[in-house]
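This report refers to the structure that appears directly beneath it.
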2 protein chains.
Amino acid sequence: MAEARTRRRGGGGAARRAERTAVNFECAKFITRNIPNLEILNEEAMEIIEYNAETVLEEIGVNFVENPAALARWKDAGADVDGERVRIPRGLARELCKTAPSSFTQHARNPERSVEIGGKNMVLAPVYGPPFVRDADGGRRYATIEDFRNFVRLGYMSKWLHHSGGTVCEPTDVPVNKRHLDMLHAHMTLSDKPYMGSVTAPERAQDSVDMSGILFGKDFVQQNTVMTSLININSPMQFDDVMMGALEVFAANNQASIISPFIVGGAMAPVSVAGTLTQVLAEVLAGVAYSQLIRKGAPVIAGTFVSSIDMNSGAPTFGTPEAANVTYGAGQLFRRLGLPYRSAGSFNGSKLPDAQAAYETANSLNTGLLSGVNFMLHSAGWLEGGLVSSFEKFVMDADQLGVLHGIAKGVEVDVNGQAMDAIREVGPGGHYLGCDHTQQNFKSAFWRSELLDYKPYETWEEEGARDTQALATEKVKKMLSDYQEPTLDPGIAEGLKDYIAEKKASMPDAFT
Amino acid sequence: MAEARTRRRGGGGAARRAERTAVNFECAKFITRNIPNLEILNEEAMEIIEYNAETVLEEIGVNFVENPAALARWKDAGADVDGERVRIPRGLARELCKTAPSSFTQHARNPERSVEIGGKNMVLAPVYGPPFVRDADGGRRYATIEDFRNFVRLGYMSKWLHHSGGTVCEPTDVPVNKRHLDMLHAHMTLSDKPYMGSVTAPERAQDSVDMSGILFGKDFVQQNTVMTSLININSPMQFDDVMMGALEVFAANNQASIISPFIVGGAMAPVSVAGTLTQVLAEVLAGVAYSQLIRKGAPVIAGTFVSSIDMNSGAPTFGTPEAANVTYGAGQLFRRLGLPYRSAGSFNGSKLPDAQAAYETANSLNTGLLSGVNFMLHSAGWLEGGLVSSFEKFVMDADQLGVLHGIAKGVEVDVNGQAMDAIREVGPGGHYLGCDHTQQNFKSAFWRSELLDYKPYETWEEEGARDTQALATEKVKKMLSDYQEPTLDPGIAEGLKDYIAEKKASMPDAFT
C-alpha cells in the first residue's frame, strides 16, 4: 500500500500515467456487520435441537479414534469412556465450551492486516484443499507449488480478501511430508495477510508453530494467536487421531482451530435440516469441549461444512436450499454457545467458472453473510465440488466479496444519508446526476465491480464480446504481472529458509 | 398435468418409455414463507424515513402530468394543487392508503393456478419489457411475436413460475397500437397461469379488461381480480398521464396495479440508500393513495425497481449491495403500510448468460426472498440491463427459483425432521445412505436442479464439456418441442379471436 500511495503523490502527466499503471494493493478491513442476522429457527426449534444434541452425546456418544490420551482426558473430565466411544453426560460439553473465547485476534505480520474473529465480524479467506487447478489457457491439471504461490499472490492483491488461507491448492509436485513447509513459506513471504497452519500431522502442526515463531518471534506466538487452522470432524461423530493430534498442538500453543463437521447431507448426516443441525451441534460441542481440555481458553471457531447429496448421481451439490437452512440454523446455535462461526464459501459443483458456478456460489456467499459467519473459508476460487482451484473463479469470487462488504454496511440515516437537500434541490421530474449531494458522495456511494462488464453493448462487442471467464483470464494475468512481494526482514527470511532446508534434509521424500 | 398423470399410469416397458418422454407440466404453488424477513432498518431509521417521506409530499409535492382529472381528485381529497404540482398534507396519503387490501387473490383461468398476493406469500413472474431477445443460435435480435409466444410457452412449463407475466418481450413486428392484443391473446391461450394487462394507453388497459371479460366472464372480472399490471412512476416524483390513465382503468375495474418507482440510483434518486428509500416511500404513498381515490379497496402492490448507476460509464448496475439494502428497507416500510410488495428479479447487466449474469441475478433473487417480496416480476429471463429477454437465461433462472422455494420452507422440527432414530441407527463412523430415515425421505429431502450439471467429471467431458448456457440451449429446445397448449373452451377462443380481429380492423397500424 505504501508503494501505491507514494506513486499517487505529485502532479503532471507522468504522475497521472504512473497512477494509471500503479498497482492496486488496497486491502479492505474485515467486515463488521451493521445489519442483523437472519434467524430462521424459533426458540422452540432451538431448544429441541439443543436437547437432542445433548442426547446424542450422552446416549450415543462420539468416537476418538486411536487416541488413548484423548480418551484419558475425557475420562478425567467426567465422560463415560467405553473403548474408543466417549459418552458425554448432558451439560458437560456445554460447560467445557464456556472457556473458549467468543472472539479473538489473529495477528498478521503486517499489523494492519490482523483480523478480529467473532462478534459481528466476518473474515474472508480463500479456497482450501483442491488437488487440481484450472485456468482457461492450461485447462484442468494437478496443482503445483508454483500454482500455490500464484494463488497466494492473487489473495495478497485481492482487496476484499482479509486472509491468505491455507492449502489454496495441493502442491502435488512436492513430497507429501514436505509440502507444508513450502506452503507455509509461501504464505509467510508472498503475502502479509494472516494464514493457516498445517493439520495433516501433529509434527507438521508443530512446524507451523515453529516457523511462525521465526516470523513473529517465539514469545509473541505463545502469547498471541497467529494461525487459524482447519480441523475437520470425520462425521458422523468421529474424531480421528491425525486431526486431533494437530488440534492438540495448536491448542497447546494458543493457536486457533476451526472445529468443523464435514457434512454431505444424506451420507454423513441425516437428510433433514433439523437432524443435520442436531448432529453438527453435538459434534461441535464435543470438539470444542475437547480443545478446552487441552488448554482452557484456546481460541476455536465452531464450523459447519455442509452440502447435500444428489440422490440421482451421488454427487455433492452446492448452493442448495437445504445447505442454506443448515447454515442459517448453525449460526444461531453457535451464537447461543458464544462461539465464533465458520461456514459458507464459493461453493459450487460446476466444472467451469460459468453460470452454474456463479449461481451456486452467490447463493452460498449471501447465506454466509446473513447467517452471521465470522470466518468464511473457501470464499474465493472453489470449483467442481472442491476438486479444483480455479484461477478465473478466484478473481471472480474475490470481486463479488465486495458486495458482501456493501450490504454489511447497512443503512446510514445521518443527515447526509437522508439526502433531503438533494430531494429538495432536484424536485419532481429532475435528475440527480449533477446535484450537490451526488457530487459530494458519488465516489463512495455505490460499490463497483472491478471485473464485470458495464460497457455499452457496441463497445463490448467491438472489444471481442467477452464473457466473464475471458475478463477474468485477463485480470489474473494482469495481477500476477503487477505483483510485488511485500518486504520482509532479511534475517527472518533467512531463518525461514534455513528451517525449511534443515527439515527437508532430515527426512526422505514421501508421496503418500 | 392431467395428460402427464395419465401417461404415468400402467406398467411395463412401454409405460416406462412413455414416462421418460412424458411432458412435465408440474407447477409449484406460490411460495408461502416459513422463515422471517431480514429487517435491516431499526425503528429509529424507519421513523426518520417515514417522517421525511411525508415532508417530501407536503413540502415538495409530486407532479401529476397532463391529467386535470387527477388534479381535481387530489384537490377534492384535501391536497394543495398548484399547476400540476400536488402537495399532500402530512398524514393524508397514509390515511388514503388504508383502504388498499393487504392481500388479494389474482385468479387464473385454471383455478389451481390462482395466486394470493400479500402476507407471507411470494408469486414469481417472468421478465418484462425487453425489446431484444437472445439465444445461442440466433444471437441478439429484435423480439417478434413468435419469440413472445415462446416465452409464454416456457413460462407455462416452468415449475417454479407461478405467473405468466406481461410483456415478456416487446413483439416489435406487430404495430405498437395492436401488439397488446396479440400479447394478451398469447397469455390467455398458450398458458393458464395468471397474467398482466396492457398499460401503454388507457384504451389498451380497457382492451385488457374486455378480453379478460371474454375469458372469465364479464361479471367475474368486475367482482374479482384477474390481472396485475405494472404502473411505473416516472421518478423522481412524477406521475405521467399514460401510466395514470391505465391505473385509472384498472382500479375502476377492480384490477390490480403494481405502483412502482423506477429508480436508477444517482439519476432518479439520491445516491444514498436512506435518501432513495425516502423518495420511494413518498412516491408509493402518493401513487397508492391516488389508486384509492379512483376506487376505495382497489388492489395494489407497492413496488420498487432499483438499480445503481455506474459513475464511470453511466450504465445501470445490478446485483449490487446498495440495491439490496434499498430492497430490504422498502420491504419493511411497505409492510408497515400493510401493502403487498413488489421488488427484485433476475437483474443483471451482462450481455451473455454467463457468470456475471448469474452472480448478479442470484444476489437479487436471494434479496427478494429475504426482503419479503410478495410479487417478483422479472424473476426469470432478464439480461443486459433489461434490454434483452434471453431464452437460455429464462430456463436457468426458472430452475434457480426452486432454491427460493426450498429456503422458504424453513426448518421442520417434527419427529421426522429431528431424525433422532436415524442418528441412533447410523452411529459414529457410519453412513446414512441406506438408513431407514433416508429411504423414507430422500425423494423430497433435497432440492435438485433439473438443468445444472451434477455428473462426474469424466462423463461431463465425454458429453462435450458443456457449460450452463449449452445445457440451457438444449433445455429450451426440448421444452418448446414438448409444449402442449392447455385446453380452452372453443367459444371463448372464438370470442377472443373475433374481439382482436374487430379491434385490429378498427384502426390503422401505428409503429411509434
Q. Which residue pairs have Cβ atoms under 7 Å apart, sit 6 or more places apart or on different chains, and have a first residue in the range A:208-223 that is free of Cβ contacts under 8 Å to residues at least 12 places away in the same chain and over 11 Å from A:ARG109 (Cα atoms) and a second that is open to solvent by less than 60 Å² (accessible area, probe 1.4 Å) and part of a helix (DSSP H, G or I)?
A. A:GLY213/A:VAL221
Q.
So A:GLY165 passes all but one of these: (1) in contact with a strand residue (DSSP E or B) (Cβ under 8 Å, 6 or more places away or on another chain); (2) closer than 18 Å to A:THR473 by Cα. Which condition number does it fail?
A. (2)
Q.
Any residue at all in the range A:380-402 that's open to solvent by less than 10 Å² (accessible area, probe 1.4 Å), more than 9 Å from chain B (Cβ to nearest Cβ) and closer than 21 Å to B:GLY402 by Cα?
A. no
Q.
Just the residues that are among the acidic types (Asp, Glu), over 18 Å from the mean Cα position of the chain (by Cα) and open to solvent by 30 Å² or more (accessible area, probe 1.4 Å), please, taken from the range A:141-181.
A. A:GLU146, A:ASP173
(Q) Six or more apart or on different chains, Cβ atoms under 6 Å: show the pairs whose first residue is in the range A:24-39 and at pLDDT 95 or above and of a type in the set (S, T, N, Q) and whose second is part of a loop (DSSP other than H, G, I, E, B) and open to solvent by less than 50 Å² (accessible area, probe 1.4 Å). (A) A:ASN34/A:GLY410; A:ASN37/A:GLY372
Q: Could you check, for the range A:59-72, whether at least one of its residues is open to solvent by 20 Å² or more (accessible area, probe 1.4 Å), under 23 Å from A:THR228 (Cα atoms), aliphatic (A, V, I, L, M) and in contact (Cβ under 8 Å) with a residue 60 or more places away in the chain?
A: no
**Q.** Matching residues, the range B:361-379, being at the interface with chain A (Cβ under 10 Å from one of its Cβ atoms) and assigned to a loop (DSSP other than H, G, I, E, B)
**A.** none
Q) Which of the residues spanning the range A:60-73 are of a type in the set (A, V, I, L, M, F, W, C), more than 14 Å from chain B (Cβ to nearest Cβ) and farther than 13 Å from A:LEU247 by Cβ? A) A:ALA72
Q: Scan (1) in a helix (DSSP H, G or I); (2) touching a residue at least 12 places away in the same chain (Cβ under 8 Å); (3) more than 19 Å from the chain's Cα centre (by Cα) for the single condition B:ALA267 breaks and write down its number.
A: (1)
Q.
With the requirement that a residue be more than 15 Å from A:MET237 (Cα to Cα), assigned to a helix (DSSP H, G or I) and over 18 Å from the mean Cα position of the chain (by Cα), what does the range B:398-420 give you?
A. B:GLY406, B:ILE407, B:VAL415, B:ASN416, B:GLY417, B:GLN418
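From A:GLY217, A:GLY138, grab the single residue that is of a type in the set (Gly, Ala, Ser), open to solvent by 10 Å² or more (accessible area, probe 1.4 Å) and within 25 Å of A:ALA298 (Cα to Cα). Break it down stepwise before answering.
Values: A:GLY138 fails: within 25 Å of A:ALA298 (Cα to Cα).
The unique qualifying residue is A:GLY217.
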Q. Only one residue in A:MET237, A:MET183, A:MET196 is at pLDDT 95 or above and under 20 Å from A:MET507 (Cβ atoms), so which one is that?
A. A:MET183
Q | Subset of the range A:129-153 (residues that are closer than 22 Å to A:ALA470 by Cβ and touching a residue at least 24 places away in the same chain (Cβ under 8 Å)) | A | A:PHE132, A:VAL133, A:ARG134, A:ASP135, A:ALA136, A:ASP137, A:ARG140, A:ASP147, A:ASN150, A:PHE151, A:ARG153
**Q.** Residue list for the range B:431-453, filter: facing chain A (nearest Cβ under 7 Å) and either closer than 30 Å to B:ASP397 by Cβ or touching a Pro at 6+ places or on another chain (Cβ under 9 Å) (or both)
**A.** B:HIS431, B:TYR432, B:HIS437, B:THR438, B:ASN441, B:PHE442, B:ALA445, B:PHE446, B:TRP447, B:ARG448, B:LEU452, B:ASP453
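State all residues of the range A:240-265 that are within 13 Å of another protein chain (Cβ to nearest Cβ) and under 27 Å from A:THR320 (Cβ atoms); if no residue qualifies, say none. Before you say what the answer is, go through the steps one by one.
Start the filter on the range A:240-265 by keeping residues that are within 13 Å of another protein chain (Cβ to nearest Cβ), which leaves A:240, A:261-265.
Those that are within 13 Å of another protein chain (Cβ to nearest Cβ) and under 27 Å from A:THR320 (Cβ atoms): A:PRO261, A:PHE262, A:ILE263, A:VAL264, A:GLY265.
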Q: Just name the residue that is farthest from B:ALA289 (Cα to Cα) out of those in the range B:41-58 that are crowded, with 24+ Cβ neighbours inside 10 Å and more than 28 Å from the chain's Cα centre (by Cα).
A: B:VAL56
Q) Is there a residue being buried (at least 21 other Cβ atoms within 10 Å of the Cβ) and touching a strand residue (DSSP E or B) at 6+ places or on another chain (Cβ under 7 Å) anywhere in the range B:87-99? A) no
Q: Among what's in the range B:421-430 and is open to solvent by 20 Å² or more (accessible area, probe 1.4 Å) and within 14 Å of A:VAL271 (Cβ to Cβ), pick the residue that is nearest to the other protein chains (Cβ to nearest Cβ).
A: B:VAL426
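Can you tell which of A:PHE442, A:PHE511 is open to solvent by 40 Å² or more (accessible area, probe 1.4 Å) and touching a residue at least 24 places away in the same chain (Cβ under 8 Å)? Write out each step before concluding.
Numbers: A:PHE442 fails: touching a residue at least 24 places away in the same chain (Cβ under 8 Å).
The conditions single out A:PHE511.
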Q: Could you tell me which of the residues B:ALA298, B:ALA252, B:ALA267 is open to solvent by 10 Å² or more (accessible area, probe 1.4 Å) and either under 26 Å from B:VAL209 (Cα atoms) or among the basic types (Lys, Arg) (or both)?
A: B:ALA252
Q.
Cβ-Cβ under 7 Å, sequence separation 6+ or interchain: first residue in the range B:477-492 and in a helix (DSSP H, G or I), partner among the basic types (Lys, Arg). Which pairs?
A. B:LEU480/B:ARG153
Q | Single residue of the range A:320-360 satisfying the filter (closer than 25 Å to A:VAL284 by Cβ and within 7 Å of chain B (Cβ to nearest Cβ)) that is surrounded by the fewest Cβ atoms within 10 Å (Cβ to Cβ) | A | A:PRO321
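Return the residue satisfying two criteria in turn: it lies in the range B:446-466 and is of a type in the set (A, V, I, L, M, F, W, C), at negative phi and in a loop (DSSP other than H, G, I, E, B), and of such residues it is surrounded by the most Cβ atoms within 10 Å (Cβ to Cβ). If you could, list the steps in order and put the result at the bottom.
Step one: list which residues in the range B:446-466 are of a type in the set (A, V, I, L, M, F, W, C), which gives B:446-447, B:451-452, B:460, B:465.
Pick out the ones that are also at negative phi and you get B:446-447, B:451-452, B:460.
From what's left, in a loop (DSSP other than H, G, I, E, B): B:446-447, B:451-452.
Values: B:PHE446: 21, B:TRP447: 20, B:LEU451: 19, B:LEU452: 26.
Ranking the candidates gives B:LEU452 first.
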(Q) Looking at the range A:154-162, can you tell me whether even one residue there is without any contact (Cβ under 8 Å) to a residue 60 or more places away in the chain, in a helix (DSSP H, G or I) and within 21 Å of A:VAL133 (Cα to Cα)? (A) no
(Q) Tell me whether the range B:270-291 contains one or more residues that are open to solvent by 10 Å² or more (accessible area, probe 1.4 Å), in contact with a Phe, Trp or Tyr (Cβ under 8 Å, 6 or more places away or on another chain), outside any helix (DSSP H, G or I) and small (Gly, Ala, Ser). (A) no
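The values are calculated or read from the model by the stated rules, or taken from the named source; none is laboratory data. Owing to the predicted nature of the structure, the values given are computational and were not obtained by experimental measurement. All Cβ positions, glycine included, derive from the backbone under ideal geometry; neighbour counts span all protein chains shown. Accessible surface is based on the protein model in full, side chains and every heavy atom, while ligands, DNA and RNA are left aside. Shrake-Rupley method; radii C 1.70, N 1.55, O 1.52, S 1.80 Å.
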